[in-house]
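Participant: Handing you this structure, nothing more for now.
The values are calculated or read from the model by the stated rules, or taken from the named source; none is laboratory data. What you see is a predicted model, and the numbers here were worked out from it, not measured in a lab. Cβ coordinates were reconstructed from backbone atoms using ideal geometry, including for glycine residues, and neighbour counts include every protein chain displayed. Areas reflect the complete protein model, heavy atoms only, side chains present, ligands, DNA and RNA absent. Shrake-Rupley method; radii C 1.70, N 1.55, O 1.52, S 1.80 Å.
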Amino acid sequence: MLLRPRRTQIPDWTSYLASRAGLARDRRLARFFAAGAPAPETPIAEAPLVALDMETTGLDPRRNSIVSIGLVPFTLERGFLRERRYWIVRPRRSLNAKSVTFHHITHADIAGAPEFDDVLEDLLDALAGRLVVVHYRHIERHFLNVAVKARLGQGVKFPVIDTMSLEARIHRQSLLARFKRWIGRPPASIRLYDSRARYGLPPYQGHHALTDALATAELLQAQIAHHYSPETPVGTIWS
């Protein structure tokens with residue numbers, strides 16, 4: 001089943017990024033914003049993509065910190081694993097036992113790790129000009145924005161394709177999904193692991209930023225193959 005693009009107003013990310021490039025006080029931010037993003041009418045098959053995942057000490061970007069970052073550049077046809085990047089970074093606040101049980105990054109791991117500031121330039125350069133793909137944008141985009149603003153005095157926002165949001169459109173917001181809820185069926189899980197299982201993708205060990213970035217890239221490839229098309233304009237599926 002191919003989904004029709006939504007008839008909603010497409011955010012004008014092109015103009016936004018261009019305006020921020022002129023206002024950026026930091027050269028790293030200026031370079032990131034100047035790289036722009038694919039035009040909204042760009043077919044998804046032609047867009048340069050990069051999957052991004054972060055592990056954090058909690059869910060509140062104003063109270064918690066980033067502890068690891070993974071990214072994988074890819075297209076609908078392949079992943080560029082030689083260009084993958086992975087950083088463990090030392091958080092400003094101490095690790096807590098609960099977060100360690102999720103991401104398995106310990107005090108010993110962060111003892112010699114760089115601070116977020118030390119990897120920021122490489123991270124922004126790796127994202128610049130690409131369309132970022134995440135599974136639940138309220139983690140990666142919000143945490144990155146808060147972390148950058150705390151250090152540079154200006155935040156960083158950009159368009160993302162959220163694979164969790166796409167799964168919600170398909171399995172929670174469609175007429176069929178609403179009917180299933182009406183007759184008492186529980187809503188489909190849109191967590192990364194469960195979403196991948198619906199497409200027959202192999203199970204990966206979760207809560208590792210690089211592995212989850214790869215898992216997110218593969219999920220988008222499956223979503224486009226099953227429910228959209230390579231010609232789908234990026235502006236109809238980004239947030």
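Participant: Helix-only estimate, please: 222 nm mean residue ellipticity of the chain, summing -39500 (n - 2.57) across DSSP H runs of length 4 or more and dividing by its residues, to the nearest 500.
Facilitator: Here the helix-only value at 222 nm equals -12500 deg cm²/dmol.
Participant: When the Cα centres of region 206-239 and region 7-71 are compared, how far apart do they sit, in Å?
Facilitator: A separation of 16 Å, based on Cα centres.
Participant: Here's another thing I want to ask about it. Below 8 Å, C-alpha to C-alpha, sequence gap of six or more: please give me the relative contact order for the chain in percent.
Facilitator: 29
Participant: Does region 24-236 come out rounded, prolate or oblate, given a ≥ b ≥ c as the square roots of the eigenvalues of its C-alpha gyration tensor, rounded meaning a/c under 1.5 and, failing that, prolate meaning a/b above b/c?
Facilitator: It comes out oblate by the Cα gyration axes.
Participant: When DSSP beta bridges are limited to those with both residues in region 24-236, what percentage is antiparallel, rounded to the nearest 5?
Facilitator: If I count the DSSP bridges inside region 24-236, around 65 percent turn out antiparallel.
Participant: Sorted by packing (mean other beta-carbon atoms within 10 Å per residue), highest first, where do 147-155, 74-82, 30-38 land?
Facilitator: 30-38, 147-155, 74-82
Participant: Ok, one more. Go ahead and set up a Gaussian network model of the chain, Cα springs under 10 Å, then flag whichever of Tyr136, Tyr199, Tyr228 fluctuates most.
Facilitator: Evaluated over the chain, the most mobile residue of the options is Tyr199.
Participant: With a 1.4 Å probe and all protein chains left in place, how much of the accessible area of the chain comes from carbon and sulfur atoms, in whole percent?
Facilitator: It is 53 percent, rounded to a whole number.
Participant: With every protein chain kept in place and ligands, DNA and RNA left out, what is the accessible area per residue of the chain? Probe 1.4 Å, answer in Å².
Facilitator: For the chain, the per-residue accessible area is 52 Å².
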